[in-house]
Amino acid sequence: MRRAPVAYSAIAVVIATGAVACGGSDTGGSSGSGTAGKQTVTVTLTGKGCSPDTSSIAAGPTTFKIVNKDAGAVTEAELMDGDTILGEKENIAPGLSGTFSLNVKEGKYQLYCPGGSGPERVDFTVTAAAAGTAAATFGPEVTTALKTATTGYATYVRAQVAELVTNTGTFVAAVKAGDLDQASKLYAAPRLNYERIEPVAESFGDLDPAIDARADDAPDPATWTGFHRLEKAIFADRSLDGTGTIADQLNTDVGKLNTLVAKTTFQPAQIANGATELLNEVGQSKITGEEERYSKLDLVDIQGNVDGADKAFTLLEPALKSLDPTLATKVRTRFTAMYKALEPYKKGTGYVSYDTVTQDQRRALSQAVDALAEPLSQVAGIVVS
C-alpha cells in the first residue's frame, strides 16, 4: 500500500534497541498484559476506525493483534510515531485477524486505522516499564544469534540498495538516450533489487510513492513519477519523449534511499514483520498482475519479494531453531515449496511474460504464497526483543 505522505512499513527506523532480548510465550492477553516479558494489545477495527482495548501500556516487547469482525471500509491498523509507521497490519478483511510485534519504548504514539467514519487516529501512550520489572531473557546463544541477524540484515539492505543505485543509473541512462530496446532490457534489474527490500524503502515518507507508485496510487497523474511511470512509457506508450525529467528524479530518489539506509538499524521482530509484508505484497499486487501491468514482469517482482523474505528468515533462522524448532522447519519447508512453484516459469535468466500464466497457475502460486505466509507471520512474536 502506497499512501503519501506518511511513511508506511512494518520495517521502520528502530523505536527500541532492546539490549537484552526477551523471551517467553505471548499469552494473547490485553491491556498490556502478558507473561515472560511480553504483552498483547488487541485493536478491533470498526466502522469508525481503531478501537484498542487499552490506550496505554508499559514499554517492552509487544504484539498488536488486529481484529476485524465486520468493518468493511477499515482493513488495516498502524502504530505511528508522527508520520512514520513503526508497525502495521494491512488487508484484514471482515472475519479475519493478524498481528505485528515490536519492542516499543516510552513515548507518545497514535494508532491509525484509515477509512472509517470517526477519528482515524487514536492517541496511544507507552509509559516507562515499572520499577523492578524484569523481563525473561533469552540465553546468550540466542541473544548473539539475534544480534547477528540485525547487523546482517542491515548489511544486506545496504548492499541491495547499492546495487539498486547502479542498476537504476544504467537504466536511466538508456531512458534519457531514448533507447527503447535497451531501456526495456535494463528495467528488470533495479526492480529485483527494489522488491527485495521494499518494506524498508516504504518507511521513508514520500520516497516509496515517488519511486514505486502505480498509476492508481498517484493522486494526480501529472505528478506521477518513478519506475512504473517509465514502465508505461517503455512498454505501453513505446515512446520516451518527455521522460528525461522523470528519469532524473528516479535517479535522485534512489540516491536518497541509499543515504537513508546507511543509518538504519533493525529489531529482530521488524525483520520478521518485513518478511511477512513481502509475502503479503506478493499476494495483494503481484499475483493479480497489477504491479507490472505494462511490462508483464510480475514474476520478477515475485522473485524479489520472496528473495527478500527468505534472506530475512535465513538470518533469524539460527535463533528460531532454538526458540521454536518446529516452526523453523515448517517455514523452511514452505520456502522450498515456494521456489519450486516458481521454477516452471523461469526462462533463461528471467521469467516468462506474466500474461502467459493462466488463472489456474496464478491460483497455484497464490496457494504457495499463502502456505508460506501463515507460519512466517508467527516468527515476529517469537523473536521480539
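The values are calculated or read from the model by the stated rules, or taken from the named source; none is laboratory data. Since the model is a prediction, treat every value here as computed from it, not as a measurement. Using ideal geometry, Cβ is built from the backbone for each residue, glycine included, and neighbour counts are taken over all protein chains shown. Quick note on the areas: whole protein, heavy atoms, side chains included, nothing else; ligands and nucleic acids left out. Shrake-Rupley method; radii C 1.70, N 1.55, O 1.52, S 1.80 Å.
In terms of the Cα gyration tensor, with a ≥ b ≥ c the square roots of its eigenvalues, is region 116-265 rounded because a/c is under 1.5, prolate because a/b exceeds b/c, or oblate? Cα axes put region 116-265 in the oblate bin. Helix 140-176 axis versus longest C-alpha principal axis of the chain: approximately 20°, rounded to the nearest ten. For the options PRO318, PRO119, PRO190, a Gaussian network treatment of the chain with springs between C-alpha atoms closer than 10 Å singles out PRO119 as fluctuating the most. The aspartates and glutamates whose alpha-carbon is closer than 13 Å to the alpha-carbon of LYS185, local same-chain residues fewer than 8 away aside, are GLU231.
The spacing between region 321-365 and region 115-193, judged by their C-alpha centroids, is 22 Å. Compared with the dominant Cα axis of the chain, that is its longest principal axis, helix 298-323 is turned about 30°. Annotation: per residue accessible area for region 77-129 equals 40 Å², rounded to a whole number [probe 1.4 Å, protein chains only].
Once Rg and the Kirkwood radius are both taken over the C-alpha atoms of region 242-385, their ratio Rg/Rh works out to 1.03. Available extension along the chain between ALA222 and ALA173 is 15.4 nm, counting 0.36 nm per residue and deducting the alpha carbon span.
Residues whose amide H lies under 5 Å from that of THR137, counting only those 5 or more places away or on a different chain, are GLY23; hydrogens are built 1.01 Å from N in the peptide plane. Provide the percentage of antiparallel DSSP beta bridges, counting only those with both residues in the chain; round to the nearest 5. In the chain, DSSP labels about 70 percent of beta bridges as antiparallel. The angle between the Cα long axis of helix 244-261 and the main principal axis of the chain comes to about 30°, on a 0 to 90 degree scale. The Cα atoms of region 59-195 give a gyration tensor whose axes a ≥ b ≥ c have a/c of 1.5 or more with a/b no greater than b/c, which makes the shape oblate.
Cross-link partners for LYS48 among the lysines, with Cα-Cα distance under 20 Å and sequence neighbours closer than 8 places in the same chain left out: LYS65, LYS69, LYS89.
For region 222-285, trypsin sites (Lys or Arg not before Pro) meeting the loop criterion (DSSP other than H, G, I, E, B) and having at most 13 other Cβ atoms within 10 Å: ARG238, LYS263.
Taken along the Cα-to-beta-carbon direction at a fixed 7 Å, the label points for ASP181 and LYS108 span 6.1 nm.
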